[in-house]
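S.K.: First the structure, then my questions, so here it is.
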Amino acid sequence: MHTPGENLTIDEQLLAFRGRAVFRMYIQKKPAKYGLKLILCCDNKSKYLLGAIPYVANQEPPPQGDLSLGHYYVRQLTRPYHQSNRNVTVDNWFTSIPLAMDLQSNCGLTLVGTIKSNKKEIPSQMRSMEGRIPGSSAFLYDDYMTLVSYAPLTKKGKSSKLVHLLSTMQSTPTLGDHGKPEVVLFYNSTKGGVDAFDQMCATYSCSRKTQRWPLCIFYGMLNAGGINSWIVHSANCTSAGRPPLRRRTFLMELAMELIRPWAQHRLTRPTLSCELVALIRSAFDLPSQPPQAAQAPEREVALLHNSHFNPEKRCRDCPGTAKKSKYVCRGCKVSKYARHLYTYCISCISKGPSCAQCGQPVEKEVVD
């Protein structure tokens, strides 16, 4: 079980989808443009996916009618980590004064995030560019909340807009490198958890073009499962003192292990073509003959004619067909079509041939 670090990141992910869905979104800044929007919560350090909620554009208001959608999503995604003193980093779509107060007072979490300049709680003096020097910062405090108004310095030495950040984690006007506030530096270092996870999904993706939105969501779940399992594998290898596998190698081995049981099960089907049998054995390095056949000098199948059985009975090894046979195995009493028959002489039958399905010996006195 993965234990997240002290910093969580909540942001959006767009699963590429151009089919028909009432909640399909258009986001211009995303590479896919059209798709299904998910709200993700990731561990900022390991990029482990902790939770996800689909964003439905025309959904009903959340049960708590006084909450914004951003407030609702943050509260739901962080519910397993309430009272853990972790920090949550979000962007301006989620950040609000009520959210910061709720997380601090009721959930035992701190919040750091950018906040929109048009929020009514921000004083006009913090929004005005008048008299502001490029690279300068202004701080405003209210109990445990800190509001920062930062004028970023561009390459031309000018500043055209202000960036506002809200924090319940930092309470002092500390400046870091190049005169940037500590709140800005902390936000920049913890905001990329979901973006890095989304990039990892795109690097090795199992998604395929589809017109069915549930299948699109399923592909996203497979990508997330592959990333999370690799993160757990890396953590286990690190704690054991051995180097972890590269993600590409790990995903290939994971895929082969998931396929192997079904491929081996298919080999038991007698109607499988020889070409497909050879392909499966080659892909999984399986022996050319099954283990039970390797123990005997011949393939031990005895299918004998018995006049007491209905000659028009269907062949058990040819499901879904109309093929019928008058031959049955003396041991398991199963009808067999001619293509599944093996002829034995009297001397060979006396050696004790048996049916591969039931393993019972054949009575040689019934051989014609």
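The values are calculated or read from the model by the stated rules, or taken from the named source; none is laboratory data. Everything quoted here is computed from the prediction, not taken from an experiment. Backbone-built Cβ (ideal geometry, glycine too); neighbour counts: all protein chains shown.
S.K.: Within segment 143-161, does at least one residue satisfy the condition of being surrounded by 14 or more Cβ atoms within 10 Å (Cβ to Cβ), at pLDDT below 80 and not hydroxyl-bearing (S, T, Y)?
M.R.: Yes, segment 143-161 contains a residue that is surrounded by 14 or more Cβ atoms within 10 Å (Cβ to Cβ), at pLDDT below 80 and not hydroxyl-bearing (S, T, Y).
S.K.: Now for a different question. How many residues, within segment 251-292, are more than 22 Å from H233 (Cβ to Cβ) and either of a type in the set (D, E, K, R) or not in a helix (DSSP H, G or I) (or both)? Explain how you work it out, then say what you get.
M.R.: Of the residues in segment 251-292, the ones more than 22 Å from H233 (Cβ to Cβ) are 262-283, 285-292.
Narrowing further to those that are either of a type in the set (D, E, K, R) or not in a helix (DSSP H, G or I) (or both): 266-273, 275, 281, 285-290.
Number satisfying all stated conditions: 16.
S.K.: Any residue at all in segment 163-171 that's touching a residue at least 12 places away in the same chain (Cβ under 8 Å) and loosely packed, with under 12 Cβ neighbours inside 10 Å?
M.R.: Checked against the condition, which is being touching a residue at least 12 places away in the same chain (Cβ under 8 Å) and loosely packed, with under 12 Cβ neighbours inside 10 Å, segment 163-171 yields no hits at all.
S.K.: Pull out all pairs, ordered by first then second residue, where Cβ-Cβ is under 8 Å, the residues are six or more apart or on different chains, the first lies in segment 231-252 and is hydroxyl-bearing (S, T, Y), and the second is outside any helix (DSSP H, G or I).
M.R.: Here the result reads S234/P244; T238/P244, each pair linking segment 231-252 to a residue that is outside any helix (DSSP H, G or I).
S.K.: Can I ask one more? Of these, F186, F218, which one is at pLDDT 95 or above and in the same structural domain as S167 (by TED's automatic domain parsing)? Walk me through how you get there before you give the answer.
M.R.: Working: F186 fails: at pLDDT 95 or above.
Of F186, F218, the one residue that is at pLDDT 95 or above and in the same structural domain as S167 (by TED's automatic domain parsing) is F218.
S.K.: Against the conditions (1) loosely packed, with under 13 Cβ neighbours inside 10 Å; (2) among the charged types (D, E, K, R); (3) modelled with pLDDT of 70 or more, where does R281 fall short? Just the number, please.
M.R.: (1)
S.K.: If G135 satisfies every condition in (1) touching a Gly at 6+ places or on another chain (Cβ under 8 Å); (2) closer than 30 Å to P31 by Cβ but one, which is the exception?
M.R.: (2)
S.K.: Sticking with this structure for a sec: Residues in segment 83-97: is at least one in contact (Cβ under 8 Å) with a residue 60 or more places away in the chain, of a type in the set (D, E) and either over 30 Å from S239 (Cβ atoms) or in contact with a helix residue (DSSP H, G or I) (Cβ under 6 Å, 6 or more places away or on another chain) (or both)?
M.R.: yes
S.K.: Which condition number does Q104 fail, the rest of (1) at pLDDT below 90; (2) assigned to a helix (DSSP H, G or I); (3) over 26 Å from L14 (Cβ atoms) being met?
M.R.: Q104 satisfies all of (1) at pLDDT below 90; (2) assigned to a helix (DSSP H, G or I); (3) over 26 Å from L14 (Cβ atoms) except (1).
S.K.: Among the residues of segment 213-230, is any farther than 30 Å from G19 by Cβ, surrounded by 13 or more Cβ atoms within 10 Å (Cβ to Cβ), in contact with a helix residue (DSSP H, G or I) (Cβ under 6 Å, 6 or more places away or on another chain) and free of Cβ contacts under 8 Å to residues at least 60 places away in the same chain?
M.R.: No; the residues of segment 213-230 include none that is farther than 30 Å from G19 by Cβ, surrounded by 13 or more Cβ atoms within 10 Å (Cβ to Cβ), in contact with a helix residue (DSSP H, G or I) (Cβ under 6 Å, 6 or more places away or on another chain) and free of Cβ contacts under 8 Å to residues at least 60 places away in the same chain.
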